[in-house]
Amino acid sequence: MRRSLVVLAAATILSLGTIAVVSIASATPSNQPDITTAQTFTVLAHATNFKMINVDGRDPNSPGDYAVERWALRRGGAPAGRLNDQCTVNFSQGPSNPTALCLFAFTFTGKGEVTGDGSVVFAPAPEGFRPVPFNLPVTGGTGIYQNARGQIHVEFLGLADARLTFHLIP
């Protein structure tokens, strides 16, 4: 009886191990890198969600406070994916130019993800502050973008809209 339980336990462990290996293998992206030559494309972004977190509970937009955002991406007028970002307020470059360190994840439906991070400088605007145009380094990618490098030029068109121009190289 004891030997049967040991054999059953060993068979169960072996089965679970096989399932785990198969699950990991099937989760591995099968997309081949598509960035074999330089590519430039533009998408429009529209903010859909925004939340500012006041870490110290006192001064809004003080160092350490952060914002999380979600944006809908469109390319050629059609939905193209989403952008999720998080920006942490850093120290100002001047009396009226706050800066933030930001992480960006651009997810393109059915294609993969492009990531980037960098410093963003803000300038006074009617609604408070708005980022000045900036270039964001590409730090990685998945799916067809798994070998992408390059930069993304970001230009705000209003409070909740931006133009993103991707300059990707292999």
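Among the residues of region 122-170, those identified as in contact with a Ser or Thr (Cβ under 7 Å, 6 or more places away or on another chain), open to solvent by 50 Å² or more (accessible area, probe 1.4 Å) and assigned to a strand (DSSP E or B) are Pro124, Thr139, His153, Arg163, His167. Restricting attention to region 32-63, the residues that are surrounded by 12 or more Cβ atoms within 10 Å (Cβ to Cβ), small (Gly, Ala, Ser) and either assigned to a loop (DSSP other than H, G, I, E, B) or without any contact (Cβ under 8 Å) to a residue 24 or more places away in the chain (or both) total 1. Of all the criteria given as (1) open to solvent by 90 Å² or more (accessible area, probe 1.4 Å); (2) of a type outside the set (D, E, K, R); (3) outside any loop (DSSP other than H, G, I, E, B), the one not satisfied by Ala80 is (1).
Taking region 67-76 as the range and being out of contact with any Leu (no Cβ under 9 Å at 6 or more places or on another chain) and open to solvent by 50 Å² or more (accessible area, probe 1.4 Å) as the test, the residues that pass are Val68, Gly76. Within region 94-117, how many residues turn out to be within 22 Å of Ile53 (Cβ to Cβ) and open to solvent by 20 Å² or more (accessible area, probe 1.4 Å)? Matching residues across region 94-117 total 8. The single condition from (1) closer than 24 Å to Pro33 by Cα; (2) touching a Lys or Arg at 6+ places or on another chain (Cβ under 8 Å); (3) outside any strand (DSSP E or B) that Thr107 fails is (3).
Filtering region 19-47 to residues that are among the small types (Gly, Ala, Ser), over 25 Å from Arg70 (Cβ atoms) and modelled with pLDDT of 70 or more leaves only Ala38.
The values are calculated or read from the model by the stated rules, or taken from the named source; none is laboratory data. No experiment lies behind these values; they were computed from the predicted model shown. So basically every Cβ, Gly included, is an ideal-geometry build from the backbone, and we count neighbours across all protein chains shown. All accessible areas refer to the heavy atoms of the entire protein, side chains included, with ligands and DNA or RNA removed. Shrake-Rupley method; radii C 1.70, N 1.55, O 1.52, S 1.80 Å.
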